[in-house]
Amino acid sequence: MIRPIPPQGWPTHGGEMGQRIRTHDWASSPTGALETWKQSLRTAVDLMLASGFPTVLHLGPGGTILYNDAAIPLLGSGHPAALGRSIGEIWPEARSGWEPVLRRSLAGETVMLANLPHAIWRGGRKVDGWFTFSSYPLRDEDGTVAGVNIVFIDTTDRLAAERRRDEVEARLRDSEERSRIIVETARDYAIFSTDPTGRIETWPPGAEAVFGWSAEEVLGQPVDITFTPADRAKGVPDEERRLAASRGSAADVRWHQRKDGTQVFIDGVTRPITGPDHALRGFVKVGQDVTDRQAMEAALRESEERFRQYGEASSDVLWIRNAETLAFEYISPAFEAVYGLSRTDLLTGNQVRRWAELIHPGDRATALDHLRRVRAGGSLLSTFRIQRPVTGEARWIRDTGFPLLDAGGRVQRVAGIGHDATEEVELNDRLRLLVGELQHRTRNLLAVVSGLSKKTLAGSGSLEDFRARFGARLDALSRVNSLLSRLEDGHRIAFDELLGAELSAHGVTDTKTRSSHVTLKGPPGILLRSSSVQTFALALHELTTNALKHGALSQPGGWLEVRWRLLDHGRHEKRLEVVWRETGIAVRADNDDHPPRRGYGRHLIEQALPYQLGAETDYKLSSEGVRCIITVPLSSTMAGTSGEVDEPDG
Amino acid sequence: MLVVEDDFVVAEDLQDELEQQGAEVLGPVATVEAALSLLESGPLPERAILDVNLRGTMVFPVADALRGRGIPFVFVTGYDHAALPAAYAGVSCCEKPTDMPALVRLLMA
């Protein structure tokens with residue numbers, strides 16, 4: 001016999017919701033009055049009210065709702081009106097979610113749904129919540145499904161924690177992935193790690209690319225193999241680890257060894273890896289292959305050094321100016337020797353003006369104009385004179401200027417090579433003068449030869465006679481010209497040389513020859529005007545050949561005496577007096593019966609020497625032989641062998 | 001015909017050639033001074049042959065004196081014609097050694 005429980009008696013517990021269920025007017029609802037509820041339902045309600053999990057009972061067939069205190073926050077403003085209503089009424093927006101689940105559980109199925117969002121009211125505020133719930137059938141005594149029990153488990157906090165953890169993990173994975181990508185794709189960089197003793201632990205593709213070993217070949221190997229034998233012998237790898245461990249980092253900038261034995265220049269750093277307990281866990285090495293850069297820098301240094309050596313060794317002035325300011329960017333040391341000014345002095349103040357001041361005023365405007373033309377893009381040779389500031393010495397400079405263009409073809413710098421051309425210019429002037437002189441002498445000589453040939457022809461009885469005499473005269477001309485051609489610039493022929501050359505050409509010396517006596521007496525080194533030498537030589541030639549043919553040298557017992565001396569003539573002028581005297585032979589003297597024989601030799605002496613040399617001559621044929629006195633003016637500074645500038649003659 | 005030439009052999013040769021052509025030779029003289037004094041003392045020549053360089057002295061004072069008197073002249077020189085000063089650029093010039101027929105043609109022109 002079942003004892004009815006008074007309505008005010010049941011449910012006896014259950015907090016606020018127990019109270020509300022007890023006092024609710026159930027009689028007008030599909031469930032009927034509380035007293036009519038079956039025991040199975042009452043038990044289910046007691047269990048629900050006692051549960052700490054939010055729990056909702058859905059009682060069929062009308063769908064009446066009961067819930068416990070724990071479920072109140074899930075209902076929000078729907079509480080307490082929700083009690084005794086249907087789910088469709090209290091959560092209309094979620095009908096599509098609830099209905100299938102309820103239908104399945106009403107059909108006898110237990111449904112589990114995890115982590116579904118569900119609004120929840122906390123402290124009067126609606127917030128997002130997450131719930132896992134289980135919906136299962138509530139059966140009465142005969143096993144009929146009388147309703148559905150829905151238990152909520154609030155997973156909001158756990159889910160949030162999980163989400164945070166997932167996010168952190170994702171970020172970590174992301175970061176690791178990025179690092180991995182960097183490490184593995186930086187082919188110029190070797191980024192790898194070792195254990196505390198230096199054994200290689202990681203070896204990404206970049207390390208393989210830089211050093212040549214594959215990961216299989218080097219993992220577990222000492223990092224020392226990447227050092228050169230010399231560095232290994234010096235203990236560099238150990239020292240590097242020691243430094244990195246004690247200071248937190250060690251530079252590793254040096255040549256390293258590759259697998260194939262070639263070397264690679266690494267610019268890198270070694271850092272220690274420490275654990276949370278600060279214990280050393282290993283090292284990371286990051287290094288860039290800068291071999292190419294290294295080689296380029298070395299080549300650049302080499303190139304700079306080469307240019308410096310070139311500039312410093314050059315005896316020409318190498319210079320480079322900024323095209324805009326014309327200030328010197330470079331000027332070689334030869335400047336100091338050529339211009340006679342230190343480079344420091346040149347580079348002080350306005351450099352263009354400083355340089356221009358060194359240039360001869362007559363050439364300054366041209367030199368500056370040339371500099372401007374080079375700046376405008378022209379290449380040209382500029383020749384100008386400079387005056388060395390201290391000594392005042394003038395020098396000729398040949399400056400070859402040219403523009404240096406940038407990549408866009410604009411004149412970025414102007415440069416040049418300044419050559420001290422003083423010697424060349426002087427030599428050139430002298431050569432030009434000499435060529436003119438030579439041409440003049442040659443033409444004059446031909447004119448003389450032409451005149452001589454006509455005179456000789458006129459005085460010759462036969463062709464044979466002409467051949468002998470003309471030949472001898474040409475020889476005499478040749479001799480004197482050969483003497484002239486051997487002269488150093490500005491020097492002159494001495495009388496004794498001229499006489500000696502003529503006499504010795506005929507085998508005549510001042511010793512006994514052909515049984516004749518020859519005496520030559522006079523001071524050596526009396527210099528003759530070069531313009532007078534040729535005619536003088538011809539005269540001496542005629543005297544000599546006459547003596548050989550008819551005079552003192554033609555007969556035994558003949559005697560030739562040539563004496564000469566220097567005479568003062570007025571205050572400044574000196575004269576040379578030559579006395580040619582033949583004795584010891586019988587000749588027909590000039591007298592009224594025998595008028596003087598007018599040979600060409602005598603003609604030259606009596607006419608040519610006065611005409612051309614301003615000489616005074618006295619030619620006499622006495623019974624003893626020829627006696628000829630020639631007095632020739634010398635230039636006022638006749639004496640010595642000093643290099644007096646000789647006058648040309650025309 | 002005045003001949004100014006400092007080399008005796010050449011001067012004598014010129015004189016012979018000119019005389020053979022029927023000319024009467026005044027001089028020859030070897031210096032500027034001698035030539036000028038000949039012009040001063042007269043008689044004046046109709047024409048003149050001047051060697052340009054007389055032992056280092058240029059014959060130009062003689063040339064100027066001849067110009068002043070309206071006497072035509074030719075130069076004879078061992079140098080290039082181009083070496084003459086511009087003032088005498090128009091003067092006929094014979095280069096040494098002298099081509100006598102050419103010189104005579106020049107003088108008679």
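Read the figures in this text as sums done on the coordinates, not as results from a lab. This one's a predicted model, so the numbers in the text were calculated from it and none came from an experiment. Cβ: placed from backbone, ideal geometry, glycine included. Neighbour counts: every protein chain shown.
Rounded to the nearest 0.05, the FRET efficiency derived from the C-beta distance between A:ARG178 and A:MET112 at R0 = 56 Å is 0.90.
Note on segment A:15-154: with charges restricted to the Cβ of Lys and Arg (+1) and Asp and Glu (-1), its dipole about the Cα centre is near 240 debye.
Between the residues A:ALA376, A:THR202, A:ALA94, the greatest Cα displacement towards the positive end of the dipole of chain A, with unit charges on the Cβ of Lys, Arg, Asp and Glu, is found for A:ALA376. Below 9 angstrom from the Cβ of A:ALA190, what's the summed charge of the other residues (Lys, Arg +1; Asp, Glu -1)? Combined, the nearby Lys, Arg, Asp and Glu give -2. Ordering A:LEU434, A:HIS419, A:ALA447 by Cα displacement along the dipole of segment A:411-457 toward the positive end leaves A:ALA447 in first place; charges were set at the Cβ atoms of Lys, Arg (+1) and Asp, Glu (-1). Taking every Cα-Cα distance in segment A:430-548 and sorting them into 10 Å bins from zero, the calculated P(r) comes out as 12, 39, 32, 15, 2, 0 percent. For A:LYS285, a cut-off of 15 angstrom between C-alpha atoms picks up these aspartates and glutamates, skipping any fewer than 8 places away in its own chain: A:GLU184, A:ASP188, A:ASP195, A:GLU201, A:GLU208, A:ASP224, A:ASP238, A:GLU239, A:GLU240, A:ASP252, A:ASP267.
If I take R0 = 45 Å and measure r between the Cβ atoms of A:SER482 and A:GLU424 in this structure, what FRET efficiency does the formula 1/(1 + (r/R0)^6) give, to the nearest 0.05? Efficiency computed from Cβ-Cβ geometry: 0.90. Hey, how many Å between the Cα centroid of segment A:379-430 and the Cα centroid of segment A:122-197? Rounded to whole Å, the Cα centres lie 85 Å apart. A helix-only calculation puts chain A at -12000 deg cm²/dmol for mean residue ellipticity at 222 nm, using -39500 (n - 2.57) for each DSSP H run of at least four residues, averaged over all residues. For A:TYR67, nonlocal amide neighbours, meaning residues 5 or more places apart or on other chains whose placed amide H falls under 5 Å from its own, are A:LEU57. Take each residue in B:10-16, count the other chain C-beta atoms within 10 Å of its C-beta, and the mean is 6.
Can you tell me how segment B:1-74 classifies by the Cα gyration tensor, rounded, prolate or oblate, using a/c under 1.5 as the rounded cut? Oblate. Remark: mean inter-chain Cβ contacts per residue of B:28-37 equal 1, using a 10 Å Cβ-Cβ cutoff to other protein chain atoms.
Compute, for chain B, the length of the dipole vector about the Cα centre, with Cβ point charges of +1 (Lys, Arg) and -1 (Asp, Glu) only. Units Debye, rounded to 20.
Working: 6 positive and 17 negative charges, 94 e Å.
In total the dipole reaches around 460 debye.
Segment B:1-79 and segment A:11-57 have Cα centres spaced 165 Å apart. Projected over every direction and averaged, the convex hull enclosing the alpha-carbon atoms of segment A:234-302 yields 5.9 nm².
Given Cβ point charges of +1 (Lys, Arg) and -1 (Asp, Glu) and nothing else, what value in debye, to the nearest 20, does the dipole of the protein assembly as shown about its Cα centre take?
On the way: 87 positive and 105 negative charges, 359 e Å.
Here the protein assembly as shown has a charge dipole of around 1720 debye.
The gain in end-to-end length when the A:THR197 to A:GLU336 segment is fully stretched comes to 43.8 nm, 0.36 nm per residue minus the alpha carbon separation.
One chain, two ends: A:THR36 and A:LEU280. Fully extended at 0.36 nm per residue, the span grows by 80.1 nm beyond their Cα-Cα distance.
The residue list A:GLY108, A:THR631, A:HIS13 was ranked by how far each Cα lies along the charge dipole of the protein assembly as shown toward its positive end, using unit charges on Cβ atoms, and A:HIS13 comes out on top.
Is segment A:15-154 best put as rounded, prolate or oblate by its Cα gyration tensor, with a ≥ b ≥ c the root eigenvalues, rounded for a/c under 1.5, and otherwise prolate when a/b is larger than b/c, oblate when not?
Details: a/c = 1.65, a/b = 1.22, b/c = 1.35.
Oblate is the answer for segment A:15-154, as a/c is 1.5 or above yet b/c matches or exceeds a/b.
Report note on the peptides A:270-282, A:293-305, A:520-532: ranked by the mean count of other C-beta atoms within 10 Å, highest first, their order is A:520-532, A:270-282, A:293-305.
Kirkwood Rh, Cα Rg: Rg to Rh for segment A:310-447?
Numbers: Rg = 18.2 Å, Rh = 16.4 Å.
Ratio value, two decimals: 1.11.
If a/c stays under 1.5 just call it rounded; otherwise compare a/b with b/c (prolate if a/b is bigger, oblate if not). Do that for segment A:175-273, with a ≥ b ≥ c from the square roots of the Cα gyration tensor eigenvalues. The shape class here is oblate. Derived from the Cα gyration tensor, the three semi-axes of the equivalent ellipsoid of chain A are 144, 28, 21 Å, largest first. Projecting label points 7 angstrom from Cα along Cα→Cβ for A:ARG565 and A:GLU99 puts them 16.6 nm apart. Averaged over the residues of A:439-445, the number of partner chain Cβ atoms lying within 10 Å of the residue Cβ comes to 6. Mean residue ellipticity at 222 nm, helices only, chain B: -11000 deg cm²/dmol; runs of at least 4 DSSP H residues each add -39,500 (n - 2.57), and the sum is divided by the number of residues.
Straight-distance candidates among the aspartates and glutamates for linking to A:LYS455, with alpha-carbon spacing under 12 Å and chain neighbours fewer than 8 residues away dropped: B:GLU12, B:ASP13, B:ASP16, B:GLU17.
Share of Cα-Cα pairs in segment A:133-219 beyond 23 Å, in percent? List each step's numbers first, then the result.
On the way: 2194 of 3741 pairs.
Counting pairs separated by more than 23 Å, the tail of P(r) holds 59 percent.
Inter-label distance, A:ASP406 to A:ASP292: 2.6 nm, where each label sits 7 Å from its Cα along the C-beta direction.
For a quick protection proxy, order the peptides A:542-553, A:168-179, B:84-95, B:20-31 by their average other-Cβ count within 10 Å, most packed first.
Numbers: A:542-553: 22.4, A:168-179: 10.1, B:84-95: 14.2, B:20-31: 16.8.
Sorting A:542-553, A:168-179, B:84-95, B:20-31 by mean packing, highest first, produces A:542-553, B:20-31, B:84-95, A:168-179.
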